[in-house]
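Participant: Just passing along the structure, written as structure tokens.
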Amino acid sequence: MPAAFNMNNTNAGREVMALAGKLNLLPDEQAWSRKGHRSNLTVLNKVLTNDLIRSRCLPKIIIFNDAKSCYGRIVLWITATDPRRLGTSTSASQEMMITLQSAKHKICTAYGDSSITYGGNCLYPPLQGVG
């Protein structure tokens, strides 16, 4: 089931990204696999911004966040409605929600994965937000 779920999400993600690109809904900073966008320009912008902040002695916070596969931090109602706005089918959206709401999560660290899980079908209402 997880492999089919991931394959469905990959296909739906490609369709949603293509449609969002056509409708100009994606910010310029999101250069991920987009025609006419180069990741090296995104990196250059980041370096120049950091240099400017450093030269002016301003405080800054840098967050490198690749939220791919962070299923425990997904706000489910946004996840259900946003792809629908971009043309995803109702059944694909519902299947994604059922899978996310019934997923079991565990903590993974450099020292190994936890044996204790949280989430799953036993929770009602299902986990929302940051879990």
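Each value in this text was obtained by applying a stated rule to the coordinates, not by laboratory testing. Everything numeric in this text was worked out from a predicted model, so none of it was measured. Glycine also receives a Cβ, built like all others from the backbone with ideal geometry; neighbour counts cover every protein chain displayed.
Participant: Label S91 and K104 with points 7 Å out from Cα along Cα→Cβ: what is the distance between them in nm?
Facilitator: Here the answer is 2.9 nm between the modelled labels.
Participant: Assuming R0 = 41 Å, what is the FRET efficiency of N40 and A3, from their Cβ-Cβ distance, to the nearest 0.05? Display every interim value, and only then the final one.
Facilitator: On the way: r = 33 Å, r/R0 = 0.81.
For R0 = 41 Å, the calculated efficiency reads 0.80.
Participant: What lysines could a cross-link reach from K60, if we take a straight Cα to Cα line under 22 Å and drop same-chain neighbours fewer than 8 places away?
Facilitator: Within the straight-line limit of under 22 Å, K60 reaches these lysines: K46.
Participant: Residue by residue through the range 10-26, which ³J(HN,Hα) values in whole Hz follow from phi under the Karplus form 6.51 cos²θ - 1.76 cosθ + 1.60 (θ = phi - 60°), with glycine and proline marked x?
Facilitator: Couplings: 4, 5, 5, x, 5, 5, 5, 5, 5, 5, 4, x, 5, 8, 6, 9, 9 Hz.
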